[in-house]
Structures are given as structure tokens and as C-alpha cells.
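Undergrad: Structure provided below as C-alpha cells; questions to follow.
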Amino acid sequence: MLSDFYPHGAVAQLYGVLRSEGFPERAIFVIDKQGIIRYVDVHAIDEQPDNEVLFRVLSEIEPQAVQPLPQPPPQPVVEPAARADVVLYCTPWCPDCRRVRNYLRENGIDYLEVDITRDRAAAQRVRGWANGYETTPTIDVRGTILVGYDRLKLAKMLGIEEI
């Protein structure tokens, strides 16, 4: 795990993922003990990589080093759409999820929040809507799905007049 702070962007630049705007792409490089790059995943900064893929890659490189993560206790599967008109599929770390939460609160919209890092069935639903990615936020408004945060599209789905 590496965070590229100083000198700013030096590692991202070496690996070819530093944008001209001065910030990196979200990039994952798995490097083995011999220094060989064994896996590369570069995608939009707001997309969350699939942890299951990363664990598979790591276990292929060094099977004995990868231990399964402790699983949260199973929760009863209840279709969120049956319980709320607006369902926000999110992750705790997602900045756009915070923006959507604030937008919904500011407009007095009740919603159900589903953390896809804890609810793997919900994560699977999101992957189905988002071409295989766990893209957050994903918003279900009475059965209409919005993948990612687009304020104008969300306003239209909710019947909110934007000025």
C-alpha cells in the first residue's frame, strides 16, 4: 500500500498514472517479492476496485499469505426497493455518496442507505447495473437506476426543479 505524497506524484509519474492536472488516476499495481508487476488496474478515481479480484490475484502470487477476511454476521435479505422509494447504494469512503446524502437531506427526501461493503447481495445488484463495477453512489428511485452522481439527472428522477 502506497500513498504518493512527496515529492508530489513522483511514484504516479513513474508508473504512468499521473494526470496532467496534477492528480493520479486510481491505480492498483500488485508487485511480487522479486519486483515484478503482476497485476495492474487503472480506472476512474470514483470507481471502487473489486476486492475479490485483488484477493484472487494476491492468492495466486502467494497463496499462504492471503487469509480470508472475517465476514460480518449475515443480515436478512430484504429487497430495499420494497422498503423505500429512494435507495442509496454507497460506501463509507465515497465523496459523491456524501454529496448525494447532503442533496437528499437538503431537499427533504427520505431514503434508505445500503453500504455495499457490508451487504454483498447489494454489491452484486450494483455490479449488475454498473457493467460489473461496484460504482458508488448508485441510486434507485422507484425502480429507475442512476449509476454515479449526476445532480441534474437525480433532480429529474426525484421531481425536483433545479434552478
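Undergrad: Considering each residue of the range 85-128, count those that are among the aromatic types (Phe, Trp, Tyr) and either out of contact with any helix residue (DSSP H, G or I) (no Cβ under 8 Å at 6 or more places or on another chain) or at positive phi (or both), and give that number.
TA: Selection size over the range 85-128: 1.
Undergrad: Related question: Which condition does residue 34 not pass, out of (1) modelled with pLDDT of 85 or more; (2) within 28 Å of residue 153 (Cβ to Cβ); (3) not assigned by TED's automatic domain parsing to the domain that holds residue 147, if it passes all the others?
TA: Of everything listed in (1) modelled with pLDDT of 85 or more; (2) within 28 Å of residue 153 (Cβ to Cβ); (3) not assigned by TED's automatic domain parsing to the domain that holds residue 147, residue 34 misses just condition (2).
Yes/no matrix, rows are residues, columns are (1) surrounded by fewer than 19 Cβ atoms within 10 Å (Cβ to Cβ); (2) outside any helix (DSSP H, G or I); (3) in contact with a Gly (Cβ under 7 Å, 6 or more places away or on another chain):
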| residue | (1), (2), (3) |
| --- | --- |
| 84 | yes, yes, no |
| 88 | no, yes, no |
| 92 | yes, yes, no |
| 125 | no, no, no |
| 152 | yes, no, no |
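Undergrad: Okay, next question. Kindly evaluate residue 111 against the criterion of being farther than 22 Å from residue 51 by Cα, hydroxyl-bearing (Ser, Thr, Tyr) and surrounded by 16 or more Cβ atoms within 10 Å (Cβ to Cβ).
TA: When the stated conditions are applied, residue 111 passes them.
Undergrad: Could I ask something else about it? Assigned to a strand (DSSP E or B) and either modelled with pLDDT under 80 or in contact with a helix residue (DSSP H, G or I) (Cβ under 7 Å, 6 or more places away or on another chain) (or both), is that true of residue 39?
TA: yes
The values are calculated or read from the model by the stated rules, or taken from the named source; none is laboratory data. Because the structure is predicted, anything quoted here is derived from the model rather than measured. Glycine also receives a Cβ, built like all others from the backbone with ideal geometry; neighbour counts cover every protein chain displayed.
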